[in-house]
Amino acid sequence: MTYAAIFITYIFISNFILTQFLGLCPFIGVSKNSESAIGMGMAVTFVMGIASIITYLVYHFLLVPLNLTYLQTLSFILVIASLVQFVEMIIQKNSPALYQALGIFLPLITTNCAVLGIAVMNITEGYNLMESFSAGVAAGIGFTLVLVLMSNIRERMELHPVRKAFKGVPIAFISGGLMALAFMAFDKSLLTNLLG
Amino acid sequence: MTGEKKMVLTRGLFKENPVFILMLGLCPTLGVSTQVINGLGMGAAVIFVLLFSNIFVSLLKNIIPNSVRIPSYIVIIAAFVTIVEMVMHAFLPSIYKALGIFLPLIVVNCIILGRAEAFANKNTIGDSILDALGMGVGFTLAVTLIALIREVFGSGTITLMPIGSFSGVIHIPLLYTYPVRIFSLAAGALLLMGYLKAFFSWYSSRKGGTQS
């Protein structure tokens with residue numbers, strides 16, 4: 001797959017939230033206002049890109065030579081947890097402004113299934129190092145896109161009368177479902193139309 | 001069984017159902033609920049991991065230093081997830097394939113880490129086991145319910161384990177010929193979850209209203 005194809009696939013065709021159901025917790029939890037949605041999206045994209053590279057290296061240069069591939073899940077989650085901690089420390093030290101924006105979202109990312117999801121997917125899809133990185137960043141961008149769209153919808157919905165039982169989470173799910181219907185327009189034919 | 005113990009066991013089923021009330025573990029719930037058998041398989045895997053992680057967290061609660069407790073819990077959970085993965089790969093290859101990426105993702109299922117953090121590290125082993133069983137069965141019920149609705153309407157079948165001469169697939173006459181396809185698509189899962197959640201919040205608010 002070319003890099004353009006990877007980007008289109010992970011942003012639109014198999015969007016992490018709307019078609020693969022990865023990262024639904026932040027999709028519901030952090031989509032109440034668009035500022036925090038952007039912050040969360042950026043933090044996730046950043047961590048997913050780096051995590052893709054590091055888990056690729058761990059898998060191909062540590063687990064495969066030592067015949068320990070069954071430890072994949074265990075080692076990946078440890079790598080991601082320590083990576084998130086490490087990134088948090090670096091950002092805090094070097095860029096207080098960025099830390100202000102992303103700080104509170106970083107601890108939440110360890111338990112975001114999208115990050116572990118892309119790490120496992122890179123291995124099962126057999127991507128090389130650069131492809132893994134692109135897939136990670138692309139999936140992060142797709143996640144951000146849907147999260148920001150959703151937060152805008154929910155901000156507008158605040159002003160509209162919604163039946164009591166549907167307030168909050170239920171209506172968010174229903175709007176998400178309608179968005180997923182719209183995203184169904186992006187399928188494999190998009191790739192062939194755009195890239196030939 | 002005293003009333004309090006009974007409460008610990010049963011509250012995960014309805015009152016504090018992890019999926020519909022606490023809104024935890026949503027990704028696997030929607031991701032694997034395409035066939036009833038996948039829902040049951042996922043539920044069994046989660047019950048196993050939840051049970052043993054709760055037991056071990058409860059046993060080790062005085063040994064694990066407070067500052068590194070979350071990483072320690074994650075390692076305990078990941079170890080049991082690896083066991084489940086290997087057992088399923090060996091004995092139930094079709095379910096292993098169907099669950100796919102959601103099997104390793106049990107590690108980051110918020111229900112399990114949530115119960116370790118909120119319950120098992122403060123309570124005795126006995127209570128932790130009851131809590132794990134209640135929450136695990138509550139999760140299984142929720143996943144199976146969603147899977148049942150999606151499969152019956154989306155493809156007009158109910159897929160269970162093949163036993164003997166029974167192929168494991170029940171066909172529903174009219175819906176099998178004219179299925180409501182949207183239920184088996186991703187969009188249908190999100191819509192259904194929204195309506196179910198609305199139903200449960202309506203139901204619990206109505207019940208709360210009559211009690212007070």
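Does B:VAL57 satisfy the condition of being within 11 Å of another protein chain (Cβ to nearest Cβ) and open to solvent by less than 30 Å² (accessible area, probe 1.4 Å)?
Numbers: within 11 Å of another protein chain (Cβ to nearest Cβ): no; open to solvent by less than 30 Å² (accessible area, probe 1.4 Å): yes.
Against the criterion (within 11 Å of another protein chain (Cβ to nearest Cβ) and open to solvent by less than 30 Å² (accessible area, probe 1.4 Å)), B:VAL57 does not qualify.
In contact with a Pro (Cβ under 6 Å, 6 or more places away or on another chain), surrounded by 19 or more Cβ atoms within 10 Å (Cβ to Cβ) and either on the phi > 0 side of the Ramachandran plot or more than 14 Å from chain A (Cβ to nearest Cβ) (or both): does that describe B:SER128? Steps first, please.
Numbers: in contact with a Pro (Cβ under 6 Å, 6 or more places away or on another chain): no; surrounded by 19 or more Cβ atoms within 10 Å (Cβ to Cβ): yes; either on the phi > 0 side of the Ramachandran plot or more than 14 Å from chain A (Cβ to nearest Cβ) (or both): yes.
Answer is no for this residue.
Residue check, B:ILE170 against (1) of a type outside the set (Asp, Glu); (2) touching a Leu at 6+ places or on another chain (Cβ under 9 Å); (3) modelled with pLDDT of 85 or more, all met but one. Which one?
(3)
Take the stretch A:138-153 and flag every residue that is over 27 Å from B:ILE21 (Cβ atoms) and open to solvent by less than 30 Å² (accessible area, probe 1.4 Å).
Result: A:ALA138, A:ALA139, A:GLY140, A:GLY142, A:THR144.
Taking A:VAL44, is it within 14 Å of chain B (Cβ to nearest Cβ), open to solvent by 10 Å² or more (accessible area, probe 1.4 Å), touching a helix residue (DSSP H, G or I) at 6+ places or on another chain (Cβ under 6 Å) and at negative phi? If you could, list the steps in order and put the result at the bottom.
Working: within 14 Å of chain B (Cβ to nearest Cβ): yes; open to solvent by 10 Å² or more (accessible area, probe 1.4 Å): no; touching a helix residue (DSSP H, G or I) at 6+ places or on another chain (Cβ under 6 Å): yes; at negative phi: yes.
Against the criterion (within 14 Å of chain B (Cβ to nearest Cβ), open to solvent by 10 Å² or more (accessible area, probe 1.4 Å), touching a helix residue (DSSP H, G or I) at 6+ places or on another chain (Cβ under 6 Å) and at negative phi), A:VAL44 does not qualify.
Which members of the stretch A:101-132 meet the condition of being more than 14 Å from chain B (Cβ to nearest Cβ), open to solvent by 10 Å² or more (accessible area, probe 1.4 Å) and more than 14 Å from the chain's Cα centre (by Cα)? If you could, list the steps in order and put the result at the bottom.
So in the stretch A:101-132, the residues more than 14 Å from chain B (Cβ to nearest Cβ) come out as A:101-105, A:126-132.
Then drop every residue that is not open to solvent by 10 Å² or more (accessible area, probe 1.4 Å), which leaves A:101, A:104-105, A:126-131.
Selection gives A:ALA101, A:ILE104, A:GLY126, A:TYR127, A:ASN128, A:LEU129, A:MET130, A:GLU131.
Sort out which residues of the stretch A:69-83 are in contact with a Ser or Thr (Cβ under 9 Å, 6 or more places away or on another chain) and within 11 Å of chain B (Cβ to nearest Cβ), and write them in order of number.
A:TYR70, A:LEU71, A:GLN72, A:THR73, A:LEU74, A:SER75, A:PHE76, A:ILE77, A:ILE80, A:ALA81
Name the residues in the stretch B:98-116 that are open to solvent by less than 20 Å² (accessible area, probe 1.4 Å) and more than 9 Å from chain A (Cβ to nearest Cβ), would you?
B:LEU99, B:ILE111, B:ILE112, B:ALA116 - these are the residues of the stretch B:98-116 that are open to solvent by less than 20 Å² (accessible area, probe 1.4 Å) and more than 9 Å from chain A (Cβ to nearest Cβ).
Before we move on, is A:PHE105 part of a helix (DSSP H, G or I), of a type in the set (Phe, Trp, Tyr) and over 30 Å from B:ILE21 (Cβ atoms)?
On the way: part of a helix (DSSP H, G or I): yes; of a type in the set (Phe, Trp, Tyr): yes; over 30 Å from B:ILE21 (Cβ atoms): no.
Answer is no for this residue.
What pairs come up if the first residue lies in the stretch A:11-25 and is facing another protein chain (nearest Cβ under 7 Å), the second is open to solvent by 10 Å² or more (accessible area, probe 1.4 Å) and among the aromatic types (Phe, Trp, Tyr), and their beta carbons are under 6 Å apart, counting only those six or more places apart or on different chains?
These pairs meet every condition: A:LEU18/A:PHE183.
Quick one: would you say A:GLY176 is within 11 Å of chain B (Cβ to nearest Cβ), surrounded by 13 or more Cβ atoms within 10 Å (Cβ to Cβ), on the phi < 0 side of the Ramachandran plot and assigned to a helix (DSSP H, G or I)?
Values: within 11 Å of chain B (Cβ to nearest Cβ): yes; surrounded by 13 or more Cβ atoms within 10 Å (Cβ to Cβ): yes; on the phi < 0 side of the Ramachandran plot: yes; assigned to a helix (DSSP H, G or I): yes.
Criteria met by A:GLY176.
In the stretch A:154-173, how many residues are open to solvent by 30 Å² or more (accessible area, probe 1.4 Å) and in contact (Cβ under 8 Å) with a residue 24 or more places away in the chain?
Qualifying residue count, the stretch A:154-173: 2.
Between B:SER165, B:SER184, B:SER155, which is within 14 Å of another protein chain (Cβ to nearest Cβ), of a type in the set (Ser, Thr, Tyr) and either touching a residue at least 40 places away in the same chain (Cβ under 8 Å) or open to solvent by 20 Å² or more (accessible area, probe 1.4 Å) (or both)?
On the way: B:SER165 fails: within 14 Å of another protein chain (Cβ to nearest Cβ); B:SER155 fails: within 14 Å of another protein chain (Cβ to nearest Cβ).
Just one listed residue meets the conditions, B:SER184.
Please enumerate the residues belonging to the stretch A:133-169 that are over 22 Å from the mean Cα position of the chain (by Cα), within 12 Å of chain B (Cβ to nearest Cβ) and assigned to a helix (DSSP H, G or I).
Looking only at the stretch A:133-169, we keep the residues that are over 22 Å from the mean Cα position of the chain (by Cα), and these are A:156-168.
Cutting the leftovers down to within 12 Å of chain B (Cβ to nearest Cβ) gives us A:162-168.
Within the stretch A:133-169, A:LYS164, A:ALA165, A:PHE166 meet the criteria.
Given the structure, is A:GLU88 in contact (Cβ under 8 Å) with a residue 40 or more places away in the chain, acidic (Asp, Glu) and open to solvent by 20 Å² or more (accessible area, probe 1.4 Å)? Even if it seems obvious, please write down each step before you answer.
On the way: in contact (Cβ under 8 Å) with a residue 40 or more places away in the chain: no; acidic (Asp, Glu): yes; open to solvent by 20 Å² or more (accessible area, probe 1.4 Å): yes.
In short, no.
In the stretch A:13-41, which residues are among the aliphatic types (A, V, I, L, M) and either open to solvent by less than 30 Å² (accessible area, probe 1.4 Å) or in contact with a strand residue (DSSP E or B) (Cβ under 6 Å, 6 or more places away or on another chain) (or both)?
Let us first name the residues in the stretch A:13-41 that are among the aliphatic types (A, V, I, L, M), namely A:13, A:17-18, A:22, A:24, A:28, A:30, A:37-38, A:40.
A:ILE13, A:ILE17, A:LEU18, A:LEU22, A:LEU24, A:ILE28, A:VAL30, A:ALA37, A:MET40, listed by residue number.
The values are calculated or read from the model by the stated rules, or taken from the named source; none is laboratory data. No experiment lies behind these values; they were computed from the predicted model shown. Positions of Cβ are generated from backbone atoms using ideal geometry, with glycine treated the same way; all protein chains shown enter the neighbour counts. In case anyone asks, the SASA skips ligands and DNA or RNA and just uses the protein heavy atoms, side chains included. Shrake-Rupley method; radii C 1.70, N 1.55, O 1.52, S 1.80 Å.
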